[in-house]
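Peer 1: Structure incoming, see below.
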Amino acid sequence: MLRIRTVLWTLSVALSVVAGADFKAHNCSEVRQASIAKGFSFENVPLQEMSGDHLRVCPQGSTCCTSEMEDKFGQRSKLELENLVDETSHELRSTFVSRHKKFDEFFLELLENTERSLNEMFVRTYGKPYMQNSEVFQNLFAELKRYYTGGNVNLEEMLNDFWSRLLERMFTLLNSQYVITEDYLECISKYTDQLKPFGDVPKKLKAQVTRAFIVARTFVQGLSVGREVASRVSKVSSTPACIRALTKMMYCTYCQAMPSVKPCNNYCLNVMKGCLANQADLDPEWNQYIDAMLLVAQRLEGPFNIESVMEPIDVKISEAIMNMQDNSVQLSYKVFQGCGQPKPSGMGGRSTRGVSDVFNARFRPYSPEERPTTAAGTSLDRLVIDIKEKLKLFKKFWSNLPEDICKPHRVTAGNATDDDQCWNGHTKGRYFPEVLKDGLTNQVNNPEVGVDITRPDTFIRQQIMALRVMTNKLKNAYNGNDIYFQDSSDEGSGSGSGSGCTEACVTEFDFASTEAPVVGADRSGSGPMEDSAAATHPAPSAALLASLALSALALHRLWR
């Protein structure tokens with residue numbers, strides 16, 4: 001079939017040349033008018049057709065073109081391809097630019113609003129003791145922001161450090177009648193997992209914050225990569241063979257004294273598939289990237305929703321503080337058993353009563369009406385739904401580029417069914433060659449554009465690699481992994497922020513209890529702290545029991 005079509009095509013071209021020789025020379029006034037309308041400033045357009053022996057691209061029979069005109073047509077053809085790709089990809093590029101900006105603003109403002117909410121509520125509820133220790137919370141939000149904006153932050157380690165610092169400050173406040181040294185605090189930290197001073201809040205919050213931030217950061221990074229790739233690939237670099245083919249398709253009709261005749265659709269497709277072969281090779285990796293973005297978007301809508309995690313974080317942290325305050329007597333007793341009783345500060349109970357007087361309010365979070373609005377007054381769900389709808393439209397974008405450019409009335413003949421009335425590269429008539437498949441390797445026999453399939457475009461290959469890396473990150477984020485902290489020595493599991501666990505489970509490392517060193521004075525016994533410590537160690541002194549009883553009465557209302 002292909003051989004028959006090729007024979008017919010050759011015959012058609014031959015007949016058109018013979019027929020052209022018998023034609024009477026055409027008037028070139030229409031060419032002059034069309035050229036002026038397109039913005040050309042040709043001074044010497046022939047009045048009548050002349051011999052075209054001087055032409056290098058267009059048919060060399062009778063012509064209305066000079067060498068200067070053909071050169072200018074070539075320059076314009078290159079520019080018009082660049083403009084066509086730019087115009088066709090405009091929506092793609094503007095979507096990624098605007099949605100990346102919107103999501104970035106949303107997440108940053110969400111963090112700022114959450115920090116402001118926590119600060120205002122804690123100042124109102126806890127007053128001076130909070131303000132004296134507010135840098136612990138400021139550092140938490142600074143590190144969360146640094147992680148989101150691409151900083152080298154291990155989320156799990158950072159959150160563990162936050163709870164350790166909070167425990168140190170809380171324990172010091174709750175036991176202000178004692179001298180709490182750095183060494184003593186270090187001893188306490190070794191028993192944190194056994195003591196669980198904040199209940200289950202740190203474990204639950206760490207799992208929620210870690211996976212939500214991994215997904216949020218990776219999704220916005222994905223939008224950024226899509227934006228950059230779309231912007232770069234849309235800037236077309238044309239080969240000389242492509243420019244020749246474009247000139248022949250777009251402007252040789254002028255030389256043939258029929259400037260109003262548009263190219264045949266299939267003819268246009270073969271030219272564009274040859275000129276944009278490398279762009280089409282981007283498509284497989286681009287489609288996988290889009291699919292991965294859509295998967296991560298599902299996480300943003302569901303269990304990894306950063307908005308639902310961050311908005312109530314002040315309530316959750318306060319709940320943890322309340323838990324430690326309510327169990328302060330038992331906690332202090334266990335610490336004294338494991339780390340020894342610290343030395344008295346010599347301030348008696350006065351300092352404790354002062355702290356109790358300040359922490360006499362119960363934490364009250366914002367009501368829904370009071371809580372600050374998120375970025376642009378929108379919600380994460382609305383943003384995600386919007387971007388998902390857009391992303392779905394952009395699948396197969398690069399392989400569809402020739403079809404989008406060759407749409408009727410943009411480049412090709414308006415009536416696609418009237419095959420005999422379009423420009424086929426030689427004359428007005430049917431275009432016989434078959435339309436080639438997409439991609440570089442399929443252009444080996446392109447009838448319109450000479451394509452070197454052995455030399456892929458290095459720049460396009462770089463964009464393919466960028467998409468491949470981003471897709472891998474997105475897939476890991478979907479599973480709760482942050483591959484930035486992946487342990488290269490253990491390919492089966494992550495060692496950092498990501499756990500690899502889906503929403504059905506919460507990953508938490510189980511630390512084996514280790515025996516703490518002796519720190520401080522009057523330590524009774526040795527070995528790890530257990531609930532049965534009172535039975536296995538000598539009883540505390542009467543003075544210590546009396547002191548604890550007084551502390552219990554004074555601290556009962558602490559942080560209530």
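The values are calculated or read from the model by the stated rules, or taken from the named source; none is laboratory data. Quantities reported herein were computed from a predicted structural model and do not represent experimental measurements. Glycine also receives a Cβ, built like all others from the backbone with ideal geometry; neighbour counts cover every protein chain displayed. Surface accessibility is based on the protein's heavy atoms, side chains included, excluding ligands, DNA and RNA. Shrake-Rupley method; radii C 1.70, N 1.55, O 1.52, S 1.80 Å.
Peer 1: Which value, in Å² rounded to 10, gives the accessible area of ILE464 with a 1.4 Å probe and all protein chains present?
Peer 2: For ILE464, the solvent-accessible surface is approximately 20 Å².
Peer 1: Give me a comma-separated list of calculated 3J(HN,Hα) values for the range 388-396, in order, Karplus coefficients 6.51, -1.76, 1.60 applied at θ = phi - 60°, integers in Hz, x for any Gly or Pro.
Peer 2: Along the range 388-396, the couplings run 4, 4, 5, 4, 4, 6, 9, 5, 6 Hz.
Peer 1: Let me ask you something else. Pop out the ³J(HN,Hα) list for the range 142-157 in order, Karplus 6.51 cos²θ - 1.76 cosθ + 1.60 with θ = phi - 60°, rounded to Hz; leave Gly and Pro as x.
Peer 2: Values per residue, Gly and Pro as x: 5, 6, 4, 5, 5, 5, 4, 7, x, x, 7, 10, 8, 4, 5, 5 Hz.
Peer 1: How long is the gain from ARG382 to SER231 if the chain were fully straight, where each residue apart is worth 0.36 nm and the alpha carbon distance is subtracted?
Peer 2: Here the segment from ARG382 to SER231 would lengthen by 51.8 nm.
Peer 1: Between TYR178 and residues 5 or more places away or on another chain, which pairs have amide H atoms under 5 Å apart, with H built 1.01 Å from N, and which residues are they?
Peer 2: Residues meeting the amide H criterion: SER345.
Peer 1: What accessible area per residue, rounded to a whole number of Å², is obtained for the range 77-442 using a probe radius of 1.4 Å?
Peer 2: Dividing the accessible area of the range 77-442 by its residue count gives 40 Å².
Peer 1: A further question on this structure: Can you give the FRET efficiency to the nearest 0.05 for THR181 and GLU319, using r as the Cβ-Cβ distance and R₀ = 41 Å?
Peer 2: Efficiency computed from Cβ-Cβ geometry: 0.90.
Peer 1: A further question on this structure: Between beta-carbons, use under 13 Å as the cut-off and find the net charge around LYS388, counting Lys and Arg +1, Asp and Glu -1.
Peer 2: After counting each charged neighbour, the total is +1.
Peer 1: Take the alpha carbon atoms of the range 177-207, find their center, do the same for the range 236-282, and report the distance between the two centers in whole angstrom.
Peer 2: 71 Å
Peer 1: Next question. Can you give the FRET efficiency for ARG146 and GLN194, using 1/(1 + (r/R0)^6), R0 = 25 Å, r = Cβ-Cβ distance, to the nearest 0.05?
Peer 2: After rounding, the FRET efficiency stands at 0.20.
Peer 1: What pairs in LYS72/LYS273; LYS235/LYS396; LYS145/LYS475; LYS72/LYS428; LYS102/LYS145; LYS248/LYS392 have C-alpha atoms more than 26 Å from each other?
Peer 2: LYS248/LYS392
Peer 1: Something else about it: Within a Cβ distance under 10 Å of THR149, other residues only, what is the Lys/Arg minus Asp/Glu net charge?
Peer 2: Here the count lands on +2.
Peer 1: A follow-up question, please. Share of the range 77-442's accessible area from carbon and sulfur, percent, 1.4 Å? Mind dumping the intermediate values first?
Peer 2: Numbers: 7090 of 14730 Å².
Of all accessible area on the range 77-442, carbon and sulfur atoms account for 48 percent.
Peer 1: Taking the alpha-carbon centroid of each part, what is the distance from the range 393-459 to the range 106-149 in angstrom?
Peer 2: 57 Å
Peer 1: Hey, what did the range 77-442 get for relative contact order, percent, Cα under 8 Å, at least 6 apart?
Peer 2: The normalised contact order for the range 77-442 reaches 34 percent.
Peer 1: Report the FRET efficiency, 1/(1 + (r/R0)^6), for PHE42 and LEU294, where r is their Cβ-Cβ distance and R0 is 51 Å, rounded to 0.05.
Peer 2: Calculated transfer efficiency: 0.50.
Peer 1: Follow-up. For ASN139 and ASP104, compute 0.36 nm times the residue count separating them, minus their Cα-Cα distance, and round to one decimal in nm.
Peer 2: Fully extending the segment from ASN139 to ASP104 adds 10.5 nm.
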